[in-house]
Amino acid sequence: MFRISDVPIDADLLSKELINSRAGAFVCFEGRVRNHNDGCEVVSLKYEVYEGLAVKEGGRIIEEAKEKYDVLEVVGVHRQGHLEIGDIAVWVGVIAEHRGSAFEACRFVIDEIKHRLPVWKKEHYMHKESKWVNCSENHGH
Amino acid sequence: MKEPKELNIHYYAVLREKAGKTEEDIESFASTPLELYKDLAGKYGFPLDARSIRVSINEEFQSMDTALCSGDCVIFIPPVAGG
């Protein structure tokens with residue numbers, strides 16, 4: 001299951017969606033807002049999301065992970081809106097019978113989310129004008 | 001005689017800020033999203049080259065060379081930065 005959240009991500013609550021007595025492994029990834037990027041001091045940021053397509057594409061990524069790896073369940077959530085330093089921006093959780101496939105599937109899902117989800121990030125800096133990340137002039141895709 | 005297509009355009013992120021709006025209904029003679037993007041980039045001064053843009057038509061990713069149809073909902077996707 002994949003979804004977009006307007007409110008802070010509750011990792012403990014999400015991990016409760018991944019309880020299965022067949023699972024011997026639970027792997028999760030939390031992407032957090034850090035206080036710097038490219039040498040600039042970041043004070044906060046905003047995620048803007050094309051929600052309809054993001055939910056569809058996130059769901060496809062999770063289905064691909066389930067086909068590709070031997071896992072029992074996968075959950076992914078991405079935030080939208082204004083986030084502060086340390087907030088969770090994205091959360092991916094995977095359960096599997098064994099740790100190998102759980103680690104691999106988790107890595108696959110977060111990598112695909114970063115490349116494919118229609119999500120944009122505007123960083124607000126301490127000492128310069130805010131900027132949409134990856135959207136400077138002549139940026140290649 | 002060629003008729004203009006009625007299109008619904010939504011804007012996100014840097015394109016939304018440049019256009020000064022989140023969506024609009026337009027009539028356009030553009031045949032493809034690539035032609036449409038170039039028209040809109042000229043009108044609003046979008047800072048991104050068409051080569052860095054992807055497109056969604058009716059909530060699915062499509063090629064920038066897809067034929068546009070009247071009634072399409074078109075959303076241009078600037079380089080993403082999730083995660």
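The values are calculated or read from the model by the stated rules, or taken from the named source; none is laboratory data. Please read these numbers as outputs of a predicted model, since none were measured by experiment. Every residue, glycine as well, gets a Cβ built from its backbone with ideal geometry; the counts of neighbours run over all protein chains shown. Quick note on the areas: whole protein, heavy atoms, side chains included, nothing else; ligands and nucleic acids left out. Shrake-Rupley method; radii C 1.70, N 1.55, O 1.52, S 1.80 Å.
Mean residue ellipticity at 222 nm, helices only, chain B: -6500 deg cm²/dmol; runs of at least 4 DSSP H residues each add -39,500 (n - 2.57), and the sum is divided by the number of residues. Averaged over its residues, segment B:5-77 has an accessible area of 46 Å² per residue, based on protein heavy atoms and a 1.4 Å probe. Note on B:Glu60/B:Glu6: beta-carbon distance plugged into 1/(1 + (r/R0)^6) with R0 of 25 Å gives a FRET efficiency of 0.80. Would you work out if segment B:5-77 is rounded, prolate or oblate? Take a ≥ b ≥ c from the square roots of the eigenvalues of the alpha-carbon gyration tensor; rounded if a/c is under 1.5, else prolate when a/b is larger than b/c, oblate otherwise. Note, shape of segment B:5-77 comes out rounded. A simple charge model with +1 on the Cβ of Lys and Arg, -1 on the Cβ of Asp and Glu and nothing else charged puts the dipole of chain B at about 340 debye relative to its Cα centre.
For A:Ser44, nonlocal amide neighbours, meaning residues 5 or more places apart or on other chains whose placed amide H falls under 5 Å from its own, are A:His124.
Note on A:114-122: average number of Cβ atoms from other chains within 10 Å of each residue's Cβ is 6. Note on A:Ser44 and A:Asp111: with the Förster distance fixed at 30 Å, the Cβ-Cβ geometry gives a FRET efficiency of about 0.75. Based on C-alpha pairs under 8 angstrom that are at least 6 apart in sequence, chain B has a relative contact order of 37 percent.
A DSSP coil position with no more than 10 other Cβ atoms inside 10 Å describes the following trypsin sites (Lys or Arg not before Pro) in segment A:13-84: A:Arg22. Charge tally for B:Ser70 (other residues, Cβ to Cβ under 13 Å; Lys, Arg +1; Asp, Glu -1): -3. Under a 5 Å amide H cut-off, with hydrogens placed 1.01 Å from N, A:Val119 pairs with B:Ala81, B:Gly82 among residues at least 5 apart or on other chains. Distance between the C-alpha centers of segment B:34-83 and segment A:105-130? Whole Å please. A separation of 20 Å, based on Cα centres. Annotation: per residue accessible area for segment A:50-126 equals 41 Å², rounded to a whole number [probe 1.4 Å, protein chains only]. In summary, the lysines within cross-link reach of B:Lys43, defined as a Cα separation below 20 angstrom excluding same-chain residues under 8 places away, comprise B:Lys5, B:Lys18, B:Lys21. Across segment B:15-27, computed HN-Hα scalar couplings (Karplus, 6.51 cos²θ - 1.76 cosθ + 1.60, θ = phi - 60°) run 5, 4, 5, 5, 6, x, 7, 8, 7, 7, 9, 10, 10 Hz from first to last residue, x flagging Gly and Pro. Summed over both chains, the accessible area lost when A and B associate is about 2400 Å², using a 1.4 Å probe. Which of rounded, prolate, oblate describes the protein assembly as shown, given a ≥ b ≥ c as roots of the alpha-carbon gyration tensor eigenvalues and a/c under 1.5 marking rounded, otherwise prolate only if a/b is larger than b/c? Oblate, because a/c is 1.5 or more while a/b does not exceed b/c. Per-residue mean of foreign Cβ neighbours for B:12-21 is 4 (Cβ atoms of other chains, 10 Å radius). Taken about its Cα centre, the protein assembly as shown carries a charge dipole of roughly 440 debye when the Cβ of each Lys and Arg holds +1 and the Cβ of each Asp and Glu holds -1.
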